[in-house]
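Worksheet for the structure shown next.
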Amino acid sequence: MAAIAIVIVSHSKQLALGVRELAAQMVQGQVPIAVAAGIEDPENPLGTDPIQVYEAIASVFSDDGVLVLMDLGSALLSAEMAIEFLPEAQQEKVYLCEAPLVEGAIAAVVAAAAGRDIHQVMAEARGALLAKATQLGVVSRPLSVVSPITTNIESPTREIRLIVSNRLGLHARPAAQFVATAARFQSQILVRNLTRNTELVRGDSINQVTTLGVRQGHELLITATGSDADEALAALQGLFTNNFGEDNVALHFPPAFHHEVTPTTYGELSGIAASPGVAIAPVVHYQPTHIAITEYHVDDPDVEWQRLQAAINTARQEIQAVFSQASLQIGDAEAAIFDAQLLFLEDPVMLSAAHQRILDNHINAEAAWQAVVDEVATSYRALEDSYLQERVDDVVDVGQRVLRLLAGNAAANLHLESPAILVATDLTPSDTAGLDPTKVLGICTTSGSATSHSAIIARTLGIPAVLGVDAQVLHLADGTMMALDGESGRAWVEPESDILDLLAAKREAWQIAQQEARATAHQPAITRDGRRVSVFANIGSINDVQVAVASGAEGVGLLRTEFLYLDRTSAPTEEEQLLVYQAIAQVLDNRPLIIRTLDVGGDKPLPYIRVGFPEANPFLGWRGIRFCLDHPELFKTQLRAILRASVGHQIKIMLPMIATVTEVRAAKVILGEVQAELNQAGIAFDAAMKVGIMVEVPSAVAIADQLAAEVDFFSIGTNDLSQYVMASDRTNPRVANLVDALHPAVLRMVQQTVQAAHTAGISVGLCGELAADTLATPILLGLGLDELSVNPQSIPGVKQAIARFCIVESEAIAASALQQDSAEYVRELISTLVTPPS
């Protein structure tokens with residue numbers, strides 16, 4: 001982030017100090033601000049002194065730039081003279097700006113704190129009077145959803161068309177990734193939903209992108225205008241190609257999500273089954289403080305805008321704290337909900353509309369903000385898509401947080417003294433994420449749905465929830481006994497003893513099942529005839545590893561290191577990587593950690609590495625190990641960090657996208673060079689660290705015997721292998737049905753790889769989505785895999801599935817599966833041969 005400094009030059013010392021105080025409060029001291037004002041003459045203190053200006057500039061000088069703001073007259077002359085006192089190399093880093101002193105200073109520090117460069121900061125300062133001028137009629141500037149685009153030969157407009165494959169389209173989390181990526185580039189990004197024939201909207205506006213109503217299979221047109229247009233489109237295309245880091249498995253709602261409501265008994269309330277489990281406890285009402293908004297006239301709209309900006313900045317800090325806590329409690333995937341909330345606060349269209357309302361109408365910040373939030377919420381409600389309609393909860397959640405801060409109210413307290421069932425009209429995602437499952441035994445609300453973010457978080461926390469019950473529940477006195485069944489979607493007020501007995505029995509059975517699952521998860525996965533199979537976790541962050549260990553992972557079978565390289569403007573340093581690898585290894589506490597080296601390229605581009613030319617088929621192009629071998633310094637930096645982290649830990653290196661023996665040997669040569677450099681420097685590392693490869697290309701299967709002679713282990717990546725074997729792109733709706741890892745063609749590839757590995761005496765694992773499919777467990781056991789690596793949440797289920805089979809029956813099932821002629825018949829075979837557990 002740029003460290004730009006501000007210098008305020010004024011005839012009046014009191015004026016300058018006041019401006020500095022006001023500006024400093026806006027950014028809470030993040031930006032250095034120096035003052036050069038007044039002269040040392042008690043009788044005539046007004047004036048400017050070039051030496052004072054020089055000393056002020058020198059005291060805060062930064063190579064990123066110093067912006068000097070002046071009031072009038074001799075202030076400009078003093079500043080110009082002061083620059084001449086500076087060394088020549090520093091003079092070019094100091095910029096005199098004609099912006100208004102008060103408004104310019106505030107605009108400049110806010111822009112500097114946001115990481116803008118010196119030219120952007122100066123532009124913000126110069127534009128600080130535009131809104132005021134517009135209101136006074138000096139300038140006419142219509143507000144537009146899309147800012148005017150100026151193009152020239154140097155900055156042509158590029159465009160791409162993409163099909164969305166995410167199962168829920170661009171919902172909050174992928175939309176947040178899209179906007180965050182678009183905002184990283186100087187180019188103006190516009191996007192249009194061609195399927196719904198929408199207008200072009202700004203790609204850096206979270207609300208405008210979300211309200212495009214993008215669903216799975218929709219086609220988008222994305223344009224970029226600017227000097228880095230190609231890089232911007234490549235980065236955005238990478239998000240779509242990588243499916244925004246999401247899988248496309250079916251949504252899993254509680255079994256009774258579509259339950260039929262049967263007649264209720266006395267005291268029984270029927271609602272929506274949102275989170276399974278049984279709770280029996282007294283009720284406690286939660287009623288968030290309603291912020292009553294009164295619109296009133298203000299004489300100084302600039303002060304109101306500053307109030308709103310300050311509240312938004314504080315709200316951002318609060319949400320970041322919620323996000324950090326939620327990441328630890330519910331995992332990165334669900335905590336990403338709050339990433340979207342942060343982008344709401346940074347939405348330029350939303351902020352511009354609020355700013356304009358304050359300036360045009362001379363109204364208070366609360367009224368302007370509420371009006372804008374209401375408009376955005378209404379636009380969400382107007383969408384045809386029910387899933388996107390429910391995102392209005394996030395908008396309201398953010399809106400209420402800012403209003404609370406403007407009103408000076410403390411955050412509502414949801415901490416209970418004793419265990420209870422929480423009764424409320426509704427809960428926001430922020431409310432739900434902060435719940436303590438040991439105190440909040442159940443949730444009963446009169447609003448909400450099973451697909452709301454609050455319901456998703458409740459399921460992740462394991463809190464039973466029944467939503468959408470009759471409003472009479474809100475009139476119950478605190479302490480009234482309630483029972484609820486989150487699986488059937490029912491609640492009982494002061495339940496009769498027979499209902500209590502039934503629910504207590506169900507709760508006990510549920511708790512035993514959960515305890516058994518947790519107990520099994522932390523025990524080895526052993527088949528009925530004594531064969532142990534390692535169950536590892538696939539992870540992509542530090543927080544993921546904590547969830548993995550808590551879920552019973554025996555190690556990490558795949559650490560995707562791409563998260564270290566994405567969402568930044570330069571590659572991570574060796575030290576940055578070392579700290580992350582060491583932190584993950586320490587959490588694992590000597591469990592195995594397999595680190596896959598960087599797997600990016602044409603299909604997953606890095607914005608700071610030029611591809612040179614667009615690839616017609618990046619999926620078959622310059623990616624994985626091919627990319628790393630062509631960037632040896634980037635590759636060496638990662639290898640050095642991994643080697644240094646290996647001391648005292650069970651770390652292994654895994655090379656992605658291997659297609660030839662030559663590639664493995666070339667990578668091992670580079671690894672040997674790095675090891676020699678570390679030896680020469682006296683830096684310790686595990687000299688016996690094992691090296692393996694991903695088997696995800698058909699050629700690697702065909703020469704698996706040759707590759708096995710070069711490495712210490714195989715890990716089969718069935719996600720990519722399935723696509724290559726079936727010559728089908730899973731992001732293409734027309735052929736995606738062909739990409740099925742249970743197809744006999746893919747299973748035979750797995751069999752061939754396992755046989756080659758075991759013949760060579762090396763282990764072989766599987767880290768694709770197939771490993772988490774418990775329907776496939778007997779086949780994978782029968783094919784002889786030594787290790788399965790799955791997402792952390794799937795570990796308990798996979799371990800339980802392994803314990804249900806013996807190797808002999810699994811081998812028979814696998815042999816039969818290999819003889820089928822389609823994935824459908826394989827599934828039918830398993831369903832016929834395997835009796836589900838009672």
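The values are calculated or read from the model by the stated rules, or taken from the named source; none is laboratory data. Computed from a prediction, not measured in an experiment: that's the story for all the values here. Quick reminder, even Gly has a Cβ in these numbers, built from the backbone with ideal geometry, and neighbours come from all protein chains shown. In case anyone asks, the SASA skips ligands and DNA or RNA and just uses the protein heavy atoms, side chains included. Shrake-Rupley method; radii C 1.70, N 1.55, O 1.52, S 1.80 Å.
How high is the relative contact order of the stretch 769-824, given as a whole-number percent (alpha carbon pairs under 8 Å, six or more residues apart)?
Reported as a whole number, the value is 46 percent.
Could you work out how much longer the chain between Thr294 and Leu500 gets when fully extended? Use 0.36 nm per residue separation minus the Cα distance between them, nm to one decimal.
Fully extending the segment from Thr294 to Leu500 adds 69.4 nm.
Once the other residues with Cβ under 15 Å from the Cβ of Gln472 are scored (Lys, Arg +1; Asp, Glu -1), what is the net sum?
Summing Lys/Arg as +1 and Asp/Glu as -1 gives -2.
Net charge near Gly672: determine it from the other residues with C-beta under 12 Å of the C-beta of Gly672, scoring Lys and Arg +1 and Asp and Glu -1.
Neighbourhood net charge equals +1.
Given a 1.4 Å probe and heavy atoms of the protein chains only, how would you sort Asp228, Asp117, Asp599, largest accessible area at the top?
Asp117, Asp228, Asp599
With each label point set 7 Å from Cα along the Cα-Cβ vector, what nm distance links Ala745 and Gln586?
Each label point is offset 7 Å from its Cα along the Cβ direction, giving 4.8 nm.
Thr759 accessible area, nearest 10 Å², 1.4 Å probe?
We get 120 Å² for Thr759.
Between beta-carbons, use under 10 Å as the cut-off and find the net charge around His743, counting Lys and Arg +1, Asp and Glu -1.
The answer is -2.
Count neighbours as other Cβ atoms within 10 Å of each site's Cβ, and list the GluC sites (Glu not before Pro) in the stretch 468-526 that are DSSP loop with at most 16 such neighbours.
In loop regions of the stretch 468-526 (DSSP not H, G, I, E or B), the sparsely surrounded GluC sites (Glu not before Pro) are Glu496.
Just the number, please: carbon plus sulfur as a percent of the accessible area of the stretch 466-524, 1.4 Å probe, no ligands or DNA/RNA counted.
51
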